[in-house]
Every structure is written in C-alpha cells, then in structure tokens.
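**Student:** Below you'll find the structure I mean.
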Amino acid sequence: MSAIIVEDLGKRYLIGRQTRHDTLRDSLAHGARSLLTAFSRGPGANQEEFWALRDVSFKVEPGEVVGIIGRNGAGKSTLLKLLSRIAEPTRGRITLQGRVASLLEVGTGFHPELSGRENIFLNGAILGMSRREIRQKFDEIVSFAEVERFLDTPVKRYSSGMYVRLAFAVAAHLEPEILIVDEVLAVGDATFQKKCLGKMGEVAGSGRTVLFVSHNLPVVRALCRSAVLLSEGRMVRHGDVQSVATEYLQTGRVAVDGNAEWSCSTTLETPHLARIELVTGCTVRRGDPVRIRVTIGGRLPEHPVVTIHLRDDEDRIILHSSDEYNPALPRSTVREMTLDSSVLNVGRHHVQVSLATRNVVEYDIKESVLCFSVEDPDFAVAGTDAHQWKGALSPHLPVWT
C-alpha cells in the first residue's frame with residue numbers, strides 16, 4: 001500500500017485588505033465604513049480568498065525519495081504543513097501509513113530554555129517515540145549532531161547551524177516511517193549537508209519514505225527518484241526527477257535578446273520591486289561590470305535591503321550580492337548594484353531580485369526575471385540594448401500576465 005496518498009487536496013486562506021491610516025480620525029472613519037459594509041454586504045466583504053493549494057493529487061510508495069520543487073510561493077511549504085498535520089486542509093484527503101517526522105524549519109519543536117539533552121527527549125516524545133527508544137538512539141544522535149560539548153547548554157544559545165544539526169539528527173535517527181525535510185539543510189555547512197544527504201539515502205534504503213523540498217536541483221536529482229512540480233498552488237507534473245526538473249527549469253525563463261516586460265498590479269503602499277533593469281545590456285564580455293538598476297515602489301521601508309542572486313541554467317546559485325539602503329543619501333528609491341563578471345562562467349545567467357529588510361522581512365521577490373549572457377572577450381562583443389522589467393502600479397494584489 002502507498003505510504004502517502006494525496007487526493008484533491010486544497011488549502012484556502014482569507015486575506016483581509018488593510019489600509020494604512022496616519023490619524024485617529026482616518027482610523028475611526030475606516031472602522032465605521034467597515035461596519036456599514038459588513039451590515040450591507042454580509043460578513044467577509046473585506047476579505048479575499050487565496051488558494052495556497054488546489055486540486056493536488058499524487059501517491060508516494062514506501063521507500064521512495066520524492067523531491068518537491070517549485071518557485072517561491074508555489075505552495076511547497078503549505079503542502080508539507082498539511083502532510084505534517086500542522087494545518088488542516090480545506091478540502092481533499094491525505095492518507096499516511098506510519099509515523100511521520102517533520103523538519104520544516106530550524107529548531108522545530110525545540111524549547112529554547114531547555115538544554116540539547118532535554119530537547120532530544122522532548123522532540124522524540126513529540127514524534128511519538130518511547131523513552132526507551134530515545135535512549136537507544138541517544139548516542140548516535142549526539143554524535144551525528146556534533147554537539148557533545150554543548151549538550152547541557154540551553155538551545156537558545158546555539159547557533160543556527162547547531163540548531164539544525166540537532167533537529168535533523170533527532171528527526172532522522174528516531175526511525176519514522178515517513179521523513180519530511182524542508183530547505184532547512186541550507187543552514188548547515190557543506191560537510192554537514194553531505195552527512196544529511198547520506199543519512200537520507202540511508203533512511204530511504206531501509207524502506208522508509210522521504211519527502212525533500214529544495215531549490216538545489218543537483219541535490220534533488222542525485223537524491224530523488226521522482227519529483228512533484230508545483231506552480232501557483234497547483235501540481236504541474238509528477239514523474240521521474242529528470243523530466244520534472246527539466247520542465248521546472250524551462251518555466252519562467254526569459255529571452256536573452258531584446259526587451260522583456262511584465263505588467264503587474266500591487267498596492268500603492270506596500271513596498272515592492274517596481275522596475276528592474278540590466279543597464280549594461282543582455283550580453284557582457286567576461287571581466288566587464290554588470291550593472292543592475294532596481295526601483296523600489298510603494299512606501300520605502302526603514303532599512304530596505306535589495307539582494308541579487310545569479311543562477312545558471314541548472315538553477316544553481318552562482319553569485320549573490322546585497323546592498324543595504326544608506327539613510328544619509330537622498331530619499332531615492334532607485335538602487336544600482338555592480339557585479340563582477342570575471343567570477344562568472346561563460347554562458348547564460350538568470351537574475352533573481354528580492355526586497356527585504358535587515359531583520360529579513362521579505363516584501364517582494366522576482367525569480368528569473370531577467371537574463372543575460374557572459375561571452376568570451378576574444379570572440380564576442382557586448383550588446384548595448386537595455387534589458388528591463390517594468391511593474392505597473394494599481395491598488396490590487398499582484399497579478400502576473
């Protein structure tokens with residue numbers, strides 16, 4: 001019998017439209033209008049339905065390692081929360097055969113005031129293990145996590161890397177029939193990530209099932225036999241990992257030559273990426289600077305941070321750069337960043353731009369929104385046409401066309 005059966009799964013959220021008010025009078029007036037609207041139109045008039053998942057169906061066999069891939073906002077985390085019984089589906093059905101262990105974020109299920117030793121027993125109990133089972137695996141968990149020296153230290157003093165090592169060690173060693181792992185392994189260093197991947201392969205080899213979410217496609221291809229591709233809350237494809245990964249890479253890509261434009265609508269007040277431009281053009285010679293100009297729309301956050309990731313055609317991150325807003329400069333929403341193309345390989349690179357704050361509150365992200373080529377200076381001449389993305393402003397939620 002299948003380890004996981006997902007049938008017509010859907011998860012709906014209600015989004016309330018909020019308006020910023022600078023004065024008490026505006027707030028009172030808005031409250032009165034909302035009350036009158038509720039009486040005239042009924043409850044929920046100021047709310048909008050958002051389907052994070054819709055009509056998702058697939059099966060996973062025992063011992064299978066399945067990758068869940070898709071762009072940010074595709075519904076991957078929502079799917080894992082439903083499978084982990086953290087949230088209830090709006091409709092559809094999930095059938096799970098056996099005990100489930102989930103590692104969805106760093107330190108899931110840990111109490112910050114308890115020591116590492118105490119949290120091993122606490123997390124094991126949460127996962128449904130008996131005290132005897134935890135004791136049998138205790139030494140293996142501590143050795144794998146490499147936290148022997150800090151075992152009796154409260155985990156609130158652990159670094160993020162120590163957190164994730166201990167959390168993964170507990171989830172992987174307590175022998176669940178189904179192991180669900182989100183992108184948290186990105187927190188660990190390269191050596192620990194290699195250990196984790198080896199452990200997940202060992203878990204799968206023992207007949208247990210693994211669901212693995214990652215943006216690292218080479219790792220997904222190496223570890224998984226099949227994959228599920230999600231896009232805008234719907235399942236696009238479920239099949240062998242190579243074909244699904246190829247389809248994922250082909251979605252959302254833009255042409256290298258000429259201009260590419262999308263129109264979107266978003267709230268006037270919400271900080272967002274209004275325009276992104278490759279100033280140096282679609283083609284650059286290796287060694288020449290790559291200049292990217294970003295315009296921030298809406299209300300400027302107090303400490304905005306624009307981050308640029310460059311990815312290759314395999315969706316691997318090649319380069320990333322962040323530029324924090326300088327409050328001493330004039331209050332301009334235009335930011336320009338310069339990247340060194342001498343560290344890039346010859347070939348095509350896809351640009352991802354995100355807008356956040358210093359405390360990692362993310363406002364907006366554009367994945368693979370632009371594309372440029374790096375050419376060998378001995379054989380190519382740089383292009384001169386600007387390659388740009390433009391965002392139109394209107395008081396609605398983002399709608400891409």
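No value in this document is a laboratory result; all are computed from the given coordinates. None of the values given here were measured: they were computed from a predicted structure. Cβ atoms come from the backbone with ideal geometry, glycine included; neighbour counts cover every protein chain shown.
**Student:** Using the beta-carbon distance between Ala29 and Thr333 and R0 = 25 Å, what value does 1/(1 + (r/R0)^6) give for FRET efficiency, to the nearest 0.05? Each step should come with its number before you reach the end.
**Tutor:** Details: r = 29 Å, r/R0 = 1.17.
In this case the efficiency is close to 0.30.
**Student:** Calculated FRET efficiency, Asp152 and Ser130, Cβ-Cβ r, R0 25 Å, to nearest 0.05?
**Tutor:** 0.65
**Student:** Quick one: Val66, Val369, fewest Cβ neighbours within 10 Å first, how do they rank?
**Tutor:** Taking fewest neighbouring Cβ atoms as first place, the list is Val369, Val66.
**Student:** Full-extension gain between Ser160 and Glu362, please, as 0.36 nm times their residue separation minus the C-alpha to C-alpha distance.
**Tutor:** Here the answer is 70.8 nm.
**Student:** Using Cβ contacts closer than 10 Å as the measure, can you line up Leu103, Leu151 from fewest to most?
**Tutor:** Ordered from fewest to most neighbouring Cβ atoms within 10 Å, Leu103, Leu151 come out as Leu151, Leu103.
**Student:** If you don't mind, another one. If you consider only alpha-carbon coordinates, what radius of gyration and Dmax does the range 127-179 have, in Å?
**Tutor:** Expressed in Å, the Cα Rg and Dmax of the range 127-179 come to 11.2, 32.
**Student:** Oh, and also: Just rank Ser102, Ser322, fewest to most, by other beta-carbon atoms within 10 angstrom.
**Tutor:** Ser322, Ser102
**Student:** Cα convex hull of the range 51-250: how many Å³ per residue?
**Tutor:** Spelled out: Cα convex hull of the range 51-250, divided by residues, is 116 Å³.
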